[in-house]
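Read through the structure below, which is laid out as structure tokens, and then see the notes.
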Amino acid sequence: MIAAIGVVIGWGMEAPCHDHIANSSTMLSGVHIMTHFSFDIVGFDLDGTFLDTSGDLLAAVNDTLGFADRPLLSVEQIKPMIGGGAKHMLTLGLEASGGCEADEFRSLYKRMLGYYEAHISVHSHPYPGVLDVLDRFDAMGVKAAIVTNKFEAFAEKLLGELGLRQRFSALIGGDTMGKGLAKPHRAPIDEMIRRCDGEPGGGRAAFIGDSIYDIMAAKNAGIPGIAVSFGFLMQPIEELGADAVIDGYDELIPTLERLGA
């Protein structure tokens, strides 16, 4: 339950040219034909990686802070708080104005989750270029998946309301595998691979994220971890230990090609 609205983090590469991107597939009679690509499965973290959810998370926290007669936060203040999960986010918001007792916190936390569930997709949207990447994956026969520390029901609701759930072969939430088995544990990554008909530890999968939890989960599962520099960073991106860092989704497929070479 602690990992209610969790997220997670990512190094910098030169933007690729379009010719490089096209190396993964060719066009024949209007149909993309895969040439060579080393990954069958590519997983994404949700908040701060696939979707910018900061607007809806900010609204949920500020509704709760306003109810408690506390100062509100800005979007820039909230972003570094998101990666630690919902309780961490609310705790930091309350600590900025003196904190609160445990009983009050439980009540406010419940209120925040209720507000967020009811307004989960008002401002949230995919990051630029990521839907084009999914189109490319479809053309190449690569399966995409989501592994998040958000409650599975929240993630399902959010992607469903945005009309994006069908783009993913698997969705693993922070509570899917059981207590203590969310990222950075390898269990959700292994389950992602199984649900995509892969073999855990087989080297045919990669994971994209914006936090240390994402990169550690990938490493623990024995697959490459790519960090995004535009996510909800909790620390300098150089400290994540990612196999690569991208500054935009136009760099993802060339980066995967390089890692799989």
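Could you work out the helix-only [θ] at 222 nm for the chain, with each DSSP H run of four or more residues adding -39,500 (n - 2.57) and the total divided by the number of residues, to the nearest 500 deg cm²/dmol? All intermediate terms of the calculation are to be shown ahead of the outcome.
Values: 10 runs with 101 residues, N = 261.
It lands at -11500 deg cm²/dmol.
Between region 136-168 and region 185-225, the C-alpha centres lie 16 angstrom from each other.
About its Cα centre, the dipole of the chain is roughly 640 debye, where the only charges are +1 on Lys and Arg Cβ and -1 on Asp and Glu Cβ. Here the extension length gained between S38 and V122 equals 26.6 nm, from 0.36 nm per residue of separation less the Cα-Cα distance.
Considering only G129, L113, H185, and ranking their Cα positions along the charge dipole of region 108-257 that arises from unit charges at the beta-carbon of Lys, Arg, Asp and Glu, the one farthest toward the positive end is L113. Length gained on full extension, R195 to S74: 39.7 nm, using 0.36 nm per residue less the C-alpha separation.
How much accessible area per residue does region 76-183 have, in Å², with a 1.4 Å probe? Intermediate values should be presented prior to the final figure.
On the way: 4830 Å² over 108 residues.
On a per-residue basis, region 76-183 sits at 45 Å².
So, with a 1.4 angstrom probe, what is the percent of accessible area on region 93-161 that is carbon and sulfur? If you can, show how the numbers build up before the last one.
Details: 1610 of 3190 Å².
Using a 1.4 Å probe with all protein chains present, region 93-161 comes out at 51 percent carbon and sulfur.
Residues within the reach of a label modelled at L259 (point 7 angstrom out along Cα to beta-carbon, backbone nitrogen below 15 Å), restricted to region 179-203, are 189-190, 193, 201-203. Antiparallel beta bridges, as assigned by DSSP with both residues in the chain, represent about 30 percent of the total such bridges.
Can you work out the base-10 log of I(q)/I(0) for the chain at q = 0.07, 0.10, 0.15, 0.16 1/Å, using the Debye formula on its C-alpha atoms alone? For the requested q values the scattering log ratios are -0.24, -0.48, -1.01, -1.13.
Roughly what % of DSSP beta bridges within region 39-178 run antiparallel, to the nearest 5? Could the numbers behind the result be given before it?
Details: 2 of 10 bridges.
For region 39-178, the DSSP antiparallel bridge percentage is about 20.
Quick one: pull the percent of accessible area on region 183-261 belonging to carbon and sulfur, 1.4 Å probe, ligands and nucleic acids left out.
Numbers: 1340 of 2830 Å².
About 47 percent, which is the carbon plus sulfur part of the accessible surface.
The values are calculated or read from the model by the stated rules, or taken from the named source; none is laboratory data. The structure presented is a predicted model; accordingly, all values stated were derived computationally and were not measured. Note that we place each Cβ from the backbone using ideal geometry, even for glycine, and neighbour counts take in every protein chain shown. The accessibility values were calculated without ligands, DNA or RNA, using every heavy atom of the protein model including side chains. Shrake-Rupley method; radii C 1.70, N 1.55, O 1.52, S 1.80 Å.
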